[in-house]
Amino acid sequence: MATTKDNRLADFLKSQNAAFVDDLKAGKGKGWLLVNGNEAGDLDTIASSVAYAFLASALLAERAVPLVLTPQNLMSLRPENLYALQQANLPQEDLLHTAELPIKTEELAPAGVRFVLVDHNRILPIFGSDESTVTAIIDHHEDEGASPNASLRDIQFGAGSCSSLVTQHFRPQWQASLSGPAGAAGSPVPPELATLLLSAILIDTHGLKQGGKAKDVDYAAAAFLYPISTLAAGSSDISTAALTTGSTSPIPEPLEAYATKINDIKFDVTGMSTLDLLQRDYKQYAWTTGSGKTLNVGLSTVPMSLKDQVEAEKNGWKSWLATSDKFMAERGIDVEGVLTTFKNSKHKSRREILLLVRVGGTLPTLDEASNVMGVLEGGLRADADDFALEDWGHGKKGEKGKLAEEVKPLINSTTRVAKVWDQTNSKSTRKQVAPALQHVVSKL
């Protein structure tokens, strides 16, 4: 880590946030770019939004400010974010949240504010539905085709990290700022920003593991960022030769050690309740069915097996399902998907999918909820290449087999229909599950 701290990143956010809020109070939103990531609030979305705003302001003289959609009281549910912010010398309280805005989010566009989307590519409903208010998009999720006239649409589905794409976009200007007589010391971009971007890349690509999620753009971004980051400060190992696709050499030791630490922090959810796990990495969608109805669909990614979650509950499946029912009702969710990701006792990656369809809201009867579940299950099972679903706990012995039997009489009720599977293709994440479900919903 850095031995001396650079406050430029924190100072930028404090002054930029204050100026933006003051202008909104005065009705002067025109000329501002609001950079926002997705509502899941992972490190990639925060790093991408902070980096885009800083680099656009420092290198392109634009008026850009990042907005974090995660409520302040839920920030502690992602300790890896707090750790990365600490390494970037960026106090959590210097981030701007929606609750701190002097006007409602749907009033931003009428006030003249324009939007930059990072780590997602369709304007979120809280900001309105006018796609023309989006001026730029940088993302690595499947292209939804929204805001086709945005001046920048850099959507690279399959890239490991959006932070890599933000780095790629600004690299020419960033590189030029490093080329003066003073080198990195003469650049307006502090090394802490490189560290923040690297942190996100290392999490999203599982430490730039070869044969994993990392693609050429991720290795290229890491090779550029590492030597100018605080991670390389004072280290004799600043070679970037291993930061290429297909390399058989280990990545630099400081980078590998940091990747291990931050990923360990991410997957340590010790002490978190079922509610905490459902909302810590959550996205909600409003999808239109073939008959014109709108289904509100939530997807929670949880880094813990269902077996461990249920065993942590005092009343097992009963209290787990009760918490999930309440979570859905309070948010008006019609369909909730719990997507688990974890390693088994043999350190092999495993995934599970649990779908719950709520009776009420868009689906007022049990028959309607059951019909939707049947169609969703059929669609996911038909997509064998991506998901390869098997009935959860089928043929299993021990505690998982026992829990699989216990849930059978409980999983369906007069207010809920549910199904649970082992996802034997562990490579497919929410990036694959969400568009697959959306496609099925569009046929309902």
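No lab work stands behind these numbers, since they all come straight from the coordinates. Everything numeric in this text was worked out from a predicted model, so none of it was measured. Heads up, the Cβs are rebuilt from the backbone with ideal geometry, glycines too, and the neighbour counts pull from every protein chain shown.
For the reader, a short list of remarks on this structure follows.
- Annotation: amide H of ARG153 within the under-5 Å range of ILE137, sequence separation 5 or more or interchain, hydrogens built in the peptide plane.
- Efficiency of FRET between LEU410 and GLU100 - r from beta-carbon atoms, R0 35 angstrom, step 0.05: 0.25
- Selected from ASN121, ASN425, ASN17 as most flexible by GNM, with the chain as the system and alpha-carbon contacts under 10 Å: ASN425
- Remark: for residue pairs LYS397/LYS443; LYS14/LYS215; LYS14/LYS326; LYS326/LYS402; LYS215/LYS261, the C-alpha separation exceeds 29 Å in LYS397/LYS443; LYS14/LYS215; LYS14/LYS326.
- Among the listed pairs LYS343/LYS419; LYS348/LYS419; LYS213/LYS343; LYS213/LYS293, those beyond 27 Å (Cα-Cα): LYS213/LYS293
- Computed over the chain with a Gaussian network model linking Cα atoms closer than 10 Å, the most mobile of LEU95, LEU275, LEU69 is LEU275.
- Spin-label pair ALA241/LYS326, simplified geometry with 7 Å Cα→Cβ offset, distance in nm: 5.8
- For THR135 and GLU256, the difference between the fully extended length at 0.36 nm per residue and the C-alpha to C-alpha distance is 39.9 nm.
- 222 nm mean residue ellipticity, helices alone, for the chain (DSSP H n ≥ 4; -39,500 (n - 2.57); rounded to 500): -12000 deg cm²/dmol
- Where labels lie 7 Å past Cα in the beta-carbon direction, separation of GLU39 and ARG171 in nm: 3.4
- 12 Å beta-carbon shell around LEU85, net charge (K/R +1, D/E -1): -3
- Highest-fluctuation residue, GLY298, GLY271, GLY158 considered, GNM on the chain with Cα pairs under 10 Å: GLY271
- C-alpha long axis of helix 366-382 to longest principal axis of the chain, angle in °: 60
- Look at the alpha carbon pairs under 8 Å that are at least 6 residues apart: their mean separation over the length of the chain gives a relative contact order of 12 percent.
- Backbone HN-Hα couplings from phi across the range 428-438 [Karplus 6.51/-1.76/1.60, Hz, Gly and Pro as x]: 7, 10, 4, 4, 8, 5, 4, x, 5, 5, 4
- Phi-based couplings in Hz for the range 389-398 (Karplus 6.51, -1.76, 1.60; Gly and Pro marked x): 7, 10, 4, 4, x, 4, x, 7, 9, x
- Beta bridges by DSSP in the chain, antiparallel share as percent, to the nearest 5: 55
- Protection proxy ranking of 196-205, 322-331, 129-138 - average other beta-carbon atoms within 10 Å, highest first: 196-205, 129-138, 322-331
- Global geometry of the range 290-388, whether rounded, prolate or oblate, following the gyration tensor of its Cα atoms and the 1.5 cut on a/c: oblate
- Overall form of the range 116-223 per C-alpha gyration tensor (a/c, 1.5; a/b vs b/c): oblate
- One decimal place: the segment SER179-ALA19 gains 54.5 nm when fully extended, by the rule 0.36 nm per residue minus the C-alpha distance.
- To the nearest ten degrees, helix 191-204 and the longest principal axis of the Cα atoms of the chain are 20 degrees apart.
- Extension gain for ASP143 to ALA384 (0.36 nm times residue separation, less C-alpha to C-alpha distance): 84.5 nm.
- The angle between the Cα long axis of helix 162-177 and the main principal axis of the chain comes to about 0°, on a 0 to 90 degree scale.
- Cα gyration tensor category, rounded, prolate or oblate, for the range 360-444 with a/c compared to 1.5: oblate
- Candidate aspartates and glutamates - alpha carbon under 13 Å from LYS25, same-chain residues fewer than 8 apart omitted: GLU100, GLU107
- Debye log10 I(q)/I(0) for the range 8-261, one point scatterer per Cα, at q = 0.16 Å⁻¹: -1.18
- Partner aspartates and glutamates for LYS427 [C-alpha distance under 15 Å; skip if fewer than 8 residues away on the same chain]: ASP204, GLU352, ASP383, ASP385, ASP386
- Computing FRET efficiency as 1/(1 + (r/R0)^6) for SER76 and LYS209, where r is the C-beta to C-beta distance and R0 is 22 Å, gives about 0.20.
- Pairwise FRET efficiency - LEU366 versus THR288, Cβ, R0 = 25 Å, nearest 0.05: 0.65
- Between ASP268 and ALA233, the simple label model (points 7 Å from Cα in the Cβ direction) yields a spacing of 2.3 nm.
- Taking the inverse of the mean 1/r over every pair of distinct Cα atoms in the range 274-441 gives a Kirkwood hydrodynamic radius of 16.0 Å.
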